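> Below is a structure I'd like to ask you about.
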Amino acid sequence: MNDIPLFLTNTLTGTKEVFKPLHNKTVTMYVCGITPYDFAHLGHARVYIIFDVLYRLLTFLGYKVMYCRNITDIDDKLLARAEKLYGDQMAYTRVADQYIKAFQEDMRMLACLPPTYEPRVTDNIADIIEFIQALIANKKAYVADGDVYFDVAQAPSYGKLSKQNLKELHAGARVEINPKKRSPLDFALWKSEPEGSFWSSPWGYGRPGWHIECSALAFKFLGKTIDIHAGGADLIFPHHENEIAQTEGRTGQMFARVWLHNAFVQINKEKMSKSLGNFFTIRELLKTVDPMVLRFLMLNHHYRAPIDFALDDIMSLKRAYQRLCVLFDQTPCPRLDKKIVLQSPLVIQMLEMVCDDLNTVGALGIVFKHAKQLAEDEQQRCAVKQFMQEVFGLSLQPLSEEEVQITSEIQQLLDERERARQQKDWKRADELRAKLVALGVQIHDTKQKN
Ligand SMILES: [Zn+2]
């Protein structure tokens, strides 16, 4: 298996590269987490499912993965929500607790494995303050009347991830209305707040800005240089650019070696947004859509291609997923040793596909293409099933409420099979059964064939 290389498209270099971790068989991976001020939506489902597949794949490939995903539990949006819900912005912890719980339930439903570390910002304020102090000491940040700002002029490679240079960024920047900043590109590391509120710091009372937490938490939990940093493409600028400036400004070393970004989800060809009213939360969708169908939807698109989501497509997705479930549900499978799983030529083909920049679509295509063969070959079927459960996180339990539409093709095969059974042509009946199973038809014969 070691000879199957893993290729990933690195946003930093703009190319598809062979992945090699810094430290032998350990991989450090950071994914930007949620701000728990509301329920997680379809866009969150996409990012956390696809990087869960990467987490599972790396584990399957034999790496020990240290996966960190933060929780932004202090932020303007949380304060506003607390004010709205409870008439008190200081009730933000209550809001955060509520939506963190909901998010973790959503993730469990979607079979996303919990990360190794899931730190909350408010549990790590001392580390964030220490990080800011180090940036001030390195002359990368300055204090201005209780606030602290990152000095972008001191980060010569700023813009390297989003492929913009400082000159262009300056030209495109909005006219700064905050007189405390030296440049409109500078961003807050610490925001001052009235005496006695939030946290005390060397610069007075305040709270951290948004970008600093990811640098501080990645540094604390994963180290100076990490292997993989991932998130939605909307975070490339300014968030990820700022994370690089902060961490490299502190350590003088490269922050993340590989940057991965997934494309967005749009609804009926429009950007998903609350104001357009085309906004789906995960839990809303899960009232009518099986969580595995939602997971299957994400795997059915390459992570770097946008998904155009329409509720009408769910029916055909459901049917396609049900075909897989029925195919793999013919006989119970024992738990297989990984060596046995890797003896299946189809597993190897799927693994090569998914190791090619997470081509989950291609890997699923292999299963559909070989459905008939899989229906007949129990050993290979069990190997592929286990691979799909482990790496794709699909349960492959047939959807109970699903009724397969009887097409004329299915009806013909059913009739033909019935005739074969009457003629006691068991070989032909079994062949037809395999065909039907490959089309997603569950067959329960009442009569024994003797
Ligand atoms: Zn981040």
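Any read-out appearing in this document is the output of simple, stated calculations on the displayed coordinates, not a laboratory observation. Model, not experiment: these values are computed from the prediction. Neighbour counts run over all protein chains shown; Cβ positions are idealised from the backbone, glycine included.
> Rounded to the nearest 20 Debye, what is the dipole magnitude of the chain about its Cα centre when Lys and Arg each give +1 and Asp and Glu each give -1 at the C-beta?
Using Cβ point charges on Lys, Arg, Asp and Glu, the chain gives about 840 debye.
> If you take the charge dipole of the chain about its Cα centre, with +1 on Lys and Arg Cβ and -1 on Asp and Glu Cβ, which of MET272, GLN154, VAL367 is farthest toward its positive end?
Of the listed residues, the answer is VAL367.
> Residue by residue through the range 20-25, which ³J(HN,Hα) values in whole Hz follow from phi under the Karplus form 6.51 cos²θ - 1.76 cosθ + 1.60 (θ = phi - 60°), with glycine and proline marked x?
Going residue by residue, I get 9, x, 5, 10, 6, 9 Hz, with x marking Gly and Pro.
> Tell me, what is the FRET efficiency for ALA171 and LYS269 to the nearest 0.05, using R0 = 25 angstrom and their Cβ-Cβ distance as r?
0.20
> What ranking do LEU285, LEU374, LEU135 get, fewest neighbouring Cβ atoms within 10 angstrom at the top?
Ascending Cβ contact count within 10 Å gives the list LEU285, LEU135, LEU374.
> Additional query: Within 13 Å, Cβ to Cβ, of PRO114, how many net charges do the neighbouring residues add up to if Lys/Arg are +1 and Asp/Glu are -1?
-1
> Starting from the Cα-Cα distance between TYR117 and LYS139, subtract it from 0.36 nm times their residue separation and give me the gain in nm to one decimal.
Length gained between TYR117 and LYS139: 4.9 nm.
> Using r as the Cβ-Cβ distance of LYS427 and LEU317, and R0 as 41 Å, what FRET efficiency do you calculate, to the nearest 0.05?
0.75
> Tell me the Kirkwood hydrodynamic radius of the chain in angstroms, computed as one over the mean inverse distance between distinct C-alpha pairs.
Kirkwood hydrodynamic radius for the chain: 24.4 Å.
> Additional query: Could you sort the peptides 13-25, 424-436, 303-315, 48-60 by per-residue average Cβ neighbour count (10 Å cutoff), highest mean leading?
48-60, 424-436, 303-315, 13-25
> If you don't mind, another one. Assuming R0 = 56 Å, what is the FRET efficiency of SER162 and ASP445, from their Cβ-Cβ distance, to the nearest 0.05?
The formula returns an efficiency of 0.40 here.
> Dividing the Cα radius of gyration by the Kirkwood radius, what Rg/Rh value follows for the range 18-104?
Computed over Cα atoms, the ratio is 1.13.
> Place a point 7 Å from Cα of LYS180 in the direction of its Cβ. Which residues in the range 136-169 have their backbone N less than 15 Å from it?
141-151
> Taking amide hydrogens as modeled 1.01 Å from N in the peptide plane, which residues meet the under 5 Å criterion relative to ALA40, leaving out close sequence neighbours?
The list, which skips near neighbours in sequence, is ILE282.
> Please compute the length gained on full extension between MET254 and LEU276, using 0.36 nm multiplied by the number of residues separating them and subtracting their Cα-Cα distance.
3.9 nm
> Something else: How much of the DSSP bridge set in the range 10-98 is antiparallel, in percent, rounded to the nearest 5?
Of all bridge pairs located within the range 10-98, approximately 25 percent are antiparallel.
> Hey, rough spin-label estimate for LYS101 and TYR86, points 7 angstrom out along Cα→Cβ, what's it come to in nanometres?
That separation, rounded to one decimal, is 1.2 nm.
> In the chain, which cysteines lack any other cysteine Cβ under 4.7 Å from their own?
Cys with no partner Cβ under 4.7 Å: CYS32, CYS68, CYS112, CYS214, CYS325, CYS355.
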